[in-house]
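Below is one structure; the comments refer to it alone.
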Amino acid sequence: MNTDEQLMEKIISLCKNRGFIFQAGELYGGLSGIYDYGPLGSLLKNNIKNLWIKKFVEERRDTYLLDSAIIMGEKALTASGHVGGFSDPLVDDVKTEKEYRADHLLEDAGINPEGMSIDEMSQALKDNNILSPEGNKLGDVREFNLMLKTQLGSSSDSSSTAYLRPETAQGIFVNYKNIMDSMHPKLPFGVAQIGKAYRNEITPRNFIFRLRELEQMEIEYFIHPDDWKNQFDYWREEMNEWSEMIGIDMNKLYEVEIGEEDRAHYSERTIDFEFDYSFGQKELFGLAYRGDYDLKKHAEYAKAKLQYTDPHRGETFVPHVIEPSMGLDRTILAILTSAYTEDEVDGNTRSYLALKPNVAPYKIAVSPLVKNKEHIVEKANEVFGILKAEFGNVAWDDNGNVGKRYRRQDEIGTPFCVVVDYDTLDEDHADFATVSIRHRDTAEQERISIDELKNYFKEKLSL
Ligand code: GAP
């Protein structure tokens, strides 16, 4: 059994060694809270994004996909409340000048900081004699705005100040009128977006859990205000279904109702979906009822009409919003944590990723048993071509001996290995040439005829 810390170390090192996730800027010492996705991590991420779009856009009639700009102007983010209020409580170690999240220091000391003002946090740190992790005195707590600011063009006046968006959601709200005018949707309808968001986190930590550059998958679902309770329950089910579908361990997923004092002031109900990461139970997704707060604010600041007129009843109102919000990086960490498994095969410990085939970077790996027998390699190439044309993400693996290949494919979560061997070429059975299929989770093997391979995998991969 691994301790939680060991598990995290193993996941991080697997991600680096097998090309899933690298520290960004590593060559130059690394950028804290920013990661690059390598070849396999990119495939995993892409599979999740494609499944999300399939489930929440393609298979529905009422949701539109959007890809809005990452850079947003100051006025839009002032309207949304981010310029004035998107901040975390910051406190300095007076000796080293290192900065910490005051709420995290209180939590670490067993004090619940939820609902505390900045002054109350300062007082609580003092009253409880809480020191910095280095053992030094702390200064006063202050607000630190998390948005990354930039400048558009050469002018230094404030009209060209812009920000990297802190959430994809605002790109949806500022496009409400465009969507209405171009697509003419009827309520209820959703706008779904996958994209990067940026938060200058004070203490990024826990690998890809708390990032400064993150990716979100968000839906703003516009509804009639009377309908919010039904819609909230519906989306709660959808989020559970989604989690199960992509292989999140449902025994490690908890719905946590957020109390009034901790909810954003405009939200009448919020549920956090928390996951049991190796470093504790923390937020994975959020589901919030945002009311009409965002559209009203943008309407006020942009002096625009952001409304809806019911074609049957003639009633005009500002739609309300249910927001299922899912962090993609946290999804990946939850999937990896759920999938990481160790067992014993032939007396040796092996580690593998029990990924669901729908998210696995490669669905199948194809190998010639040996590299130096022309006919075997040729046949293996033929099988590889057939499977790749049908299933796309298929790996060719002829490195090392077959045992090593199995170990490598196990570690990256490939559900099936197909091996072309001497029996495949057995001339007595040329019409029913078979290959060996080895299953990742059981390490068991079976023989299947090449003619049956496509159907066999269509069924196994549920395609
Ligand atoms: N539009 C609502 C919104 O952005 P949030 O709870 O701040 O709400 C939504 O973020 C989701 O984005 C979270 O549930 C989490 O999955 C992800 N997320 C937020 N901050 C993150 C960070 N610093 N690093 C990685 N993921 C983050």
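The values are calculated or read from the model by the stated rules, or taken from the named source; none is laboratory data. As the structure is a computational prediction, the values presented were derived from the model and not from experiment. So basically every Cβ, Gly included, is an ideal-geometry build from the backbone, and we count neighbours across all protein chains shown. Note: accessible area is taken over every heavy atom of the protein model, side chains too, but ligands, DNA and RNA are not part of it. Shrake-Rupley method; radii C 1.70, N 1.55, O 1.52, S 1.80 Å.
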Inset, instruction - Amide H neighbours of TYR340 under 5 Å, at least 5 residues apart or on other chains, H built in the peptide plane: list them. - result: ALA354
Inset, instruction - Per DSSP H run of n ≥ 4, the term is -39500 (n - 2.57); total these for the chain, divide by its residue number, and report the mean residue ellipticity at 222 nm rounded to 500 deg cm²/dmol. - result: -9500 deg cm²/dmol
Inset, instruction - Multiply the residue separation of HIS312 and MET250 by 0.36 nm, subtract the distance between their alpha-carbon atoms, and state the gained length in nm to one decimal. - result: 18.1 nm
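Can you compute the equivalent ellipsoid semi-axes for the chain, i.e. the square root of 5 times each eigenvalue of the Cα gyration tensor, sorted largest first and rounded to whole Å?
On the way: eigenvalues 418, 178, 78 Å².
Sorted largest first and rounded, they come to 46, 30, 20 Å.
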Legend entry - Most positive-pole-ward Cα, PHE317, TYR254, GLN281, against dipole of the chain from beta carbon charges: PHE317
Inset, instruction - With all protein chains present, calculate the accessible area of HIS439 using a 1.4 Å probe and round the result to the nearest 10 Å². - result: 40
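Distance cut-off 32 Å, Cα to Cα: go down the list LYS149/LYS186; LYS55/LYS282; LYS16/LYS282; LYS196/LYS371 and report the pairs above it.
On the way: LYS149/LYS186 37 Å; LYS55/LYS282 25 Å; LYS16/LYS282 24 Å; LYS196/LYS371 43 Å.
Violating the 32 Å Cα-Cα cut-off are LYS149/LYS186; LYS196/LYS371.
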Legend entry - Pair ASP346, SER13: separation of 7 Å Cα→Cβ label points (nm): 2.3
Legend entry - Residue-wise HN-Hα coupling along segment 29-40, computed from phi with Karplus coefficients 6.51, -1.76, 1.60 (Hz; x: Gly, Pro): x, x, 10, 6, x, 9, 10, 9, 9, x, x, 7
Legend entry - Hull shadow area, averaged, segment 362-461 [alpha-carbon convex hull, nm²]: 5.7
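Taking Cα pairs under 8 Å and at least six residues apart, what relative contact order does segment 98-254 come out at, in percent? Intermediate results must be reported in sequence, preceding the final value.
Working: 152 pairs, mean separation 26.9, N = 157.
Rounded, it is 17 percent for segment 98-254.
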Legend entry - Amide H within-cut-off set for ASN200, under 5 Å, with H built and near neighbours excluded: MET147, LEU148
Legend entry - Pairwise label distance in nanometres, GLU238 with HIS375, each label 7 Å out on the Cα-Cβ vector: 5.7
Inset, instruction - Mind checking which of GLY84, PHE20, SER182 is farthest towards the positive end of the chain's charge dipole, using Cβ charges of +1 (Lys, Arg) and -1 (Asp, Glu) about the Cα centre? - result: SER182
Inset, instruction - Mind checking the full-extension length gain between ASP108 and ARG447? Use 0.36 nm per residue of separation minus the Cα-Cα distance, one decimal, nm. - result: 116.5 nm
Legend entry - GLU143 long-range amide H proximity, modeled H, under 5 Å: LEU90
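Test of understanding: what is the full-extension gain from HIS439 to GLU97, defined as 0.36 nm times their sequence separation minus their Cα-Cα distance? Don't jump to the answer; show the numbers that get you there.
Numbers: separation 342, 0.36 × 342 = 123.12 nm, distance 5.39 nm.
Full extension of this stretch gives 117.7 nm more.
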Inset, instruction - Measure off, as a whole percent, the carbon and sulfur share of the 1.4 Å-probe accessible area of segment 362-461, all protein chains present. - result: 45
Inset, instruction - Give the span of segment 323-365's Cα atoms along each principal axis, as three whole-Å numbers ordered largest to smallest. - result: 49, 21, 11
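Counting only heavy atoms of the protein chains, get the accessible area per residue of the chain (1.4 Å probe) and round it to a whole Å² value. Provide the component values of the computation, followed by the final result.
Working: 22660 Å² over 463 residues.
Ligands and nucleic acids excluded, the figure is 49 Å² per residue.
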Legend entry - Rg/Rg_globular for segment 87-145, with Rg_globular taken as 2.2 N^0.38 Å and Rg from C-alpha atoms: 0.97
Inset, instruction - Let me know the Rg and Dmax you get for segment 13-130 when you use only its Cα atoms, in Å. - result: 21.0, 59
